[in-house]
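The values are calculated or read from the model by the stated rules, or taken from the named source; none is laboratory data. Keep in mind that this is a model prediction, so the values were computed, not measured. When we count neighbours, we look across all protein chains shown, and the Cβ atoms used for this are built from the backbone with ideal geometry, even at glycine.
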């Protein structure tokens with residue numbers, strides 16, 4: 001059975017989709033862009049944006065009783081592959097368990113709201 005996961009601690013969906021959907025032990029989260037859910041603002045710079053995107057992912061995980069250690073796969077989108085190293089520094093602070101999630105990281109032409117990064121996750125409860 002599908003269960004919509006919603007939290008005010010991450011940005012609301014800006015289209016016809018859910019923040020995340022739980023199916024059994026799996027959580028499929030929509031990509032999280034660096035919008036501060038309290039203010040609606042986007043911080044400047046790739047480090048601050050990566051930080052906010054990862055925090056938003058964490059809020060969605062928490063809303064389903066999970067944390068970063070439950071993440072098995074991430075897909076990361078960058079507006080500029082030149083930001084890859086700086087993005088990785090921030091990403092590594094959050095996805096730092098003994099088993100790192102599988103990951104794809106690609107540069108894309110544009111990300112909603114003109115942000116520099118987006119992080120999408122698939123997580124599973126043990």
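Just the residues that are under 18 Å from residue 36 (Cα atoms) and out of contact with any strand residue (DSSP E or B) (no Cβ under 6 Å at 6 or more places or on another chain), please, taken from region 88-126.
Scanning region 88-126 gives 90, 91, 94, 112, 113, 114, 115, 116.
Here are 84, 77, 26: which of them is at pLDDT 95 or above, over 17 Å from residue 111 (Cβ atoms) and either buried (at least 16 other Cβ atoms within 10 Å of the Cβ) or out of contact with any helix residue (DSSP H, G or I) (no Cβ under 7 Å at 6 or more places or on another chain) (or both)?
Numbers: 84 fails: over 17 Å from residue 111 (Cβ atoms); 77 fails: over 17 Å from residue 111 (Cβ atoms).
Just one listed residue meets the conditions, 26.
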> Is there a residue in region 107-122 that is buried (at least 19 other Cβ atoms within 10 Å of the Cβ) and part of a helix (DSSP H, G or I)?
Replying inline: no
>> Anything in region 48-78 that is assigned to a helix (DSSP H, G or I), out of contact with any strand residue (DSSP E or B) (no Cβ under 7 Å at 6 or more places or on another chain) and either under 21 Å from residue 8 (Cα atoms) or touching a residue at least 40 places away in the same chain (Cβ under 8 Å) (or both)? List them, or say none.
In response: 48, 51, 52, 55, 58, 59, 62, 68
